[in-house]
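*Asks:* Mind having a look at this structure? Questions to follow.
The values are calculated or read from the model by the stated rules, or taken from the named source; none is laboratory data. Not measured: the values here are computed from a predicted model. Note that we place each Cβ from the backbone using ideal geometry, even for glycine, and neighbour counts take in every protein chain shown. These area figures cover heavy atoms from the full protein model, side chains too; ligands, DNA and RNA do not enter into them. Shrake-Rupley method; radii C 1.70, N 1.55, O 1.52, S 1.80 Å.
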Amino acid sequence: MRRFAIITILFILCQLPSPAHARSMEEERAMCLTRNALARAQCKDPHEFSYMGTKRGNIHIFTGFYGAKNTDFFCKIEDGEITILSRKKKFRRTVKYYIDENECGIIEDYPASCSKRSVIKCCFPKSKKELEADKEAEFWQRSIPDLLREDQQKAIEELQNRTSKSSETKQEEQ
């Protein structure tokens, strides 16, 4: 019985993620920047590239379609620059980025062949406290007429729901 308990505990411990596999917030931001830089350079959406792994800490490997076949892309991130290279070196681009005062990575790269003109922003994930503070600050930034209009719309919808429910129950009773 004791052996079974030890084996069970070891099995559970092996299933837990180790600190070596956990990514830091900087690594998450770097992965976001490299994936988005690759997508912008290819004029595609970031979800079209699958993350494969990391080499030497600063080279992120993604796979996606280039031409008519699946291709691996190596995205090396250094200070202010992301270098993108395909496996057979048929595709090579360099994308500039910077870190703003909020510790967000910003890419302002607009290839001529791509119609997407939005700024790419990769930030650290916010804690629950930060999200609540942002929500409260957003609430206080809104004008009073907007808040009153929103409350009025909610009240009207609630009244309509009550009226429709009561009319349904009266029809069922008949």
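*Asks:* Express in Å², to the nearest 10, the accessible area of Ser24 obtained by rolling a 1.4 Å probe over the protein heavy atoms while all chains stay in place.
*Replies:* Surface accessible to solvent at Ser24 totals approximately 50 Å².
*Asks:* Ranked by accessible surface with a 1.4 Å probe, highest first, in what order do Met52, Met25, Met31 come?
*Replies:* On the way: Met52 115, Met25 90, Met31 25 Å².
From most exposed to least exposed: Met52, Met25, Met31.
*Asks:* Thr54: accessible area at probe 1.4 Å, nearest 10 Å²?
*Replies:* Taking all protein chains as shown, Thr54 has close to 70 Å².
*Asks:* Which pairs in the list Lys44/Lys129; Lys44/Lys76; Lys55/Lys96 are over 28 Å apart, alpha-carbon to alpha-carbon?
*Replies:* Lys44/Lys129
*Asks:* Round to the nearest 0.05 the FRET efficiency obtained for Lys89 and Ser118 when R0 = 22 Å and r is the Cβ-Cβ distance.
*Replies:* Working: r = 29 Å, r/R0 = 1.33.
FRET efficiency, Lys89 to Ser118: 0.15.
*Asks:* Now, a different point. Per-residue HN-Hα couplings for the range 65-82, Karplus 6.51 cos²θ - 1.76 cosθ + 1.60 at θ = phi - 60°, whole Hz, x for Gly and Pro?
*Replies:* Once rounded to whole Hz, the list reads 7, 9, x, 10, 9, 6, 9, 8, 10, 10, 10, 9, 10, 10, 4, x, 8, 10.
*Asks:* Mind checking which lysines have their Cα closer than 25 Å to the Cα of Lys135? Skip sequence neighbours fewer than 8 apart in that chain.
*Replies:* Qualifying lysines at Cα under 25 Å: Lys121, Lys126, Lys154.
*Asks:* Using only protein heavy atoms and a 1.4 Å probe, report how much of Arg142 is accessible, in Å² to the nearest 10.
*Replies:* Result for Arg142: roughly 90 Å² accessible.
*Asks:* Two-decimal Rg/Rh of the range 111-157 from alpha-carbon positions, Kirkwood Rh?
*Replies:* Across the range 111-157, the Cα-based Rg/Rh ratio is 1.23.
*Asks:* Could you work out what % of the accessible surface of the range 21-174 is carbon and sulfur, using a 1.4 angstrom probe and leaving DNA, RNA and ligands out of the count?
*Replies:* After summing per-atom areas, the C and S share lands at 50 percent.
*Asks:* I've got another one for you. Counting heavy atoms of the protein chains only and a 1.4 Å probe, report the per residue accessible area for the range 38-111 as a whole number of Å².
*Replies:* Working: 4420 Å² over 74 residues.
On a per-residue basis, the range 38-111 sits at 60 Å².
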